[in-house]
Amino acid sequence: MRKGLLIGTVLLAAGIAAGWGITMPRSDGPEVLAGLTPNPENGRRVFLAGGCASCHAAPEGENDLVLAGGQRFETPFGTFVAPNISPDRGAGIGDWSALNLWNAMHHGTSPEGAHYYPAFPYSSYVRATPQDVVDLHAYLGTLPASDTPSQPHDLGFPFSVRASIGGWKLLFLTDTYVMPASEDPQIMRGRYLVEALGHCAECHTPRNGLGALDTARWLEGAPNPSGSGQIPGIAPDKLDWPANDIAYYLETGFTPSFDSVGGHMAAVVKNYAQLPPEDREAVAAYLKALP
Amino acid sequence: MTTVTRLAALALGAALVAAPLTATAQSFDNHLAARKGEMQIMSFNLGILGGMARGNMPYDAEAAQAAADNLVAISQLTQTVQWAEGSDNMELSNTRALPAIWDDFADFQAKWASFGERAVALQAVAGQGAEGLGAAIGGVGGTCQACHEAYRQPN
C-alpha cells in the first residue's frame, strides 16, 4: 500500500507535469452510436452479464432492481460508495443519454467531463460494443427510480484528486483483449462475456500496486479484496473442471462435488442463472481455451 | 516516547501476545469436525440427486428418496453447540466461518431453517421421477448459497 501511494503520487505529479493534455478525460461524439436502435431485451442480458446490480443495488434493499447505490467498497486507496444509477432525474441518471453511458463505460468519463475511478469496472466495460451500451441504456430506463442521493467516496490523497486517474488510464485502460482472437464463435462469445461484460478478472486476477489487473497472471486467483481468504484461480492450471461442470456451476452454484457457491460469487451465479444456457457454455468454453 | 507511554505500549504488547495463548487453551477441533462433517454429508447426498438430475447416472427412485430423506434428517439436527462463539476464522486458522454468524445468530438459524423447508419439498418429489428433481435441487441449492454468501469466506 505504501508503494501504491508512492507510485500514485509520482504518477499524479507526472500527469500534471506531462500537461493536462494527454491525461485529459476523453469522450466520443454522437457518431459512435449513430443509426443504432435500442433493444431493451438484449439490454437486460447485458445488465445481468455485467453484474451492475451487484454493486449498484441498495445494500439492504429487497429489490435488486432498485439501483439506488450506497454499497461501500473498501480498497487500499480508500472507501468507494456506489452511486445511484436508477432512472430518477435528480438523484440518478434519468437524464443521461445513451452517449453519456457510452462515455462512462468506454472512457470512464462523466457527462461533466471528469474521470471516474476504476472501482467502476470500465477497464472491462471498455470492450463492450456500442449496440450493447445502447441496449443497456434502454433497459436501465425501464427500472424503478429511487431519489436516494449518491454518497461521496472516502479516499486519501492523492486518490481523492480525480485528475490523478488520468495517468492510470494512460497506463492501463485499453480495449484490446487478453486472449487472442479465435476462429470458434463460441469462444469469441465467451471472451466477450468474460473480458468485456463479466468483469470476472476484476475478482479472479491479482492486481499491481496501482490497483490495475496483472494480465500476466490472468484469472490465476487473487487475495479477497473485502476481507480474508483467497479468491480461487479459474485458469486451466488452477481449475480442472470439465466445461459442462463450469456451466452447471454458473447456473446452479453447485461445484462438481456439490459444495455450494458463497461469497461475492453467489451474486455472479444469480445473474448467470438468468442468462441463456449458450452464454454459460460460452464462458466455460473460454475458460477451457485459456493457455 | 515518554517512559510512561513506552511502558504502556509494552504492557499492551504483552497482553496481545498473551491473548492468543489463552484462546488456544480451548480447542474447537471437534466442533469444526462436526459441522464440516454435516456439510459434507449434505453435499454427498445432493451429489447423488444432482447426478440423476443431470443424467450423469440413471434415475433410481429408491436411492433418490433415501438421499432426500438424509437431507431432511440432517436439517433436523440442532445447529448450536458445533457453532460455538469464538470458533470463527478470525480466531482460528482452520475454519471458513465468518464472525458475522455471531453478530446475527438468529439470522443464521433462519437460513438453516429455510434449508430444512426446501429439503422437505425435495423429499416430496425425489421418489417421483427424474423430471421434478432439477427444480427441487435448485431450491435447496439456493438456501445453501444464501448462507454461504453471508457467512462463509472464500477459500
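Neighbours of B:Arg96, meaning other residues whose beta-carbon lies under 13 angstrom from its beta-carbon, give a summed charge of -1 when Lys and Arg score +1 and Asp and Glu score -1. GNM on chain A, alpha-carbon springs under 10 angstrom: the most fluctuating residue among A:Gly94, A:Gly43, A:Gly167 is A:Gly94. Heavy-atom accessible surface of the range A:29-176, averaged per residue, reaches 45 Å², computed with a 1.4 Å probe. A convex hull fitted to the Cα coordinates of the range B:61-101 yields 88 cubic angstrom per residue. Taking A:Glu281, A:Glu62, B:Glu117, B:Glu131 and ordering them by how much accessible surface each has at a 1.4 Å probe, largest first, produces A:Glu62, B:Glu131, B:Glu117, A:Glu281.
Legend: residues A:Trp241, A:Trp102, sorted from most to least accessible area (1.4 Å probe; ligands, DNA and RNA excluded), read A:Trp241, A:Trp102. What FRET efficiency do you get for B:Ala66 and B:Ala124 if R0 is 25 Å and r is their Cβ-Cβ distance, rounded to the nearest 0.05? Between B:Ala66 and B:Ala124 the formula returns 0.95. Accessible surface computed residue by residue for the range A:178-291, with neighbouring protein chains in place and a 1.4 Å probe, gives 42 Å² per residue. Burial of accessible area (probe 1.4 Å, heavy atoms of protein chains only) in the range A:246-267, relative to its chain alone, reaches at least 40 Å² for A:Tyr248, A:Phe254, A:Phe258, A:Asp259, A:Ser260, A:Gly263. Once you have the Kirkwood Rh of the range A:29-176 from its Cα pairs, apply Stokes-Einstein at 37 °C and 0.692 mPa s and quote D in µm²/s. So the translational diffusion coefficient is about 208 µm²/s. In this rough spin-label picture, where each label sits 7 Å from Cα along the Cβ direction, the A:Thr215-A:Asp147 distance is 4.6 nm.
Roll a 1.4 Å probe over the protein heavy atoms and report the accessible area of A:Thr129 in Å², nearest 10. Surface open to solvent at A:Thr129 totals about 50 Å². Across all Cα pairs in the range A:107-266, the calculated P(r) in 10 Å bins from zero up to the longest distance comes to 8, 31, 36, 21, 4, 0 percent per bin. Neighbours of A:Ala289, meaning other residues whose beta-carbon lies under 10 angstrom from its beta-carbon, give a summed charge of +1 when Lys and Arg score +1 and Asp and Glu score -1. Taken along the Cα-to-beta-carbon direction at a fixed 7 Å, the label points for A:Arg26 and A:Ser160 span 3.0 nm. Rolling a 1.4 Å probe across all protein chains gives A:Ser110 an accessible area of roughly 10 Å². With every protein chain in place and a 1.4 angstrom probe, the accessible-area ranking of A:Glu195, B:Glu149, largest first, reads B:Glu149, A:Glu195.
In the range B:54-76, the residues whose accessible area drops by at least 10 square angstrom when the other protein chains are added to the isolated chain are B:Arg54; the probe is 1.4 Å and only protein heavy atoms count. At the residue level, A:Tyr249 shows approximately 40 square angstrom of accessible surface with a 1.4 angstrom probe and all protein chains present. Take every pair of alpha-carbon atoms less than 8 Å apart whose residues are at least six positions apart; their mean separation over the length of chain A yields a relative contact order of 20 percent. Surface composition of the range A:77-231: carbon plus sulfur atoms hold 57% of the accessible area, using a 1.4 angstrom probe and ignoring ligands, DNA and RNA. Using a 1.4 Å probe over protein heavy atoms, the accessible area lost on pairing A with B, summed over both chains, comes to approximately 1600 Å². In terms of overall dimensions, the C-alpha atoms belonging to the protein assembly as shown reach 74, 71, 46 Å along their principal axes, ordered largest to smallest.
Subtracting the Cα-Cα distance of A:Gln186 and A:Gln274 from 0.36 nm times their residue separation leaves 29.8 nm of extension gain. Within the P(r) computed for the range A:178-291, what percentage of the Cα pairs occupies the region above 24 Å? Counting every Cα pair in the range A:178-291, those more than 24 Å apart make up 20 percent.
The values are calculated or read from the model by the stated rules, or taken from the named source; none is laboratory data. These figures come from a predicted structure and were not determined experimentally. Methodologically, a virtual Cβ is constructed for each residue, glycine included, from the backbone with ideal geometry; neighbour enumeration extends over all protein chains shown. Accessible surface areas use protein heavy atoms only, side chains included; no ligands, DNA or RNA. Shrake-Rupley method; radii C 1.70, N 1.55, O 1.52, S 1.80 Å.
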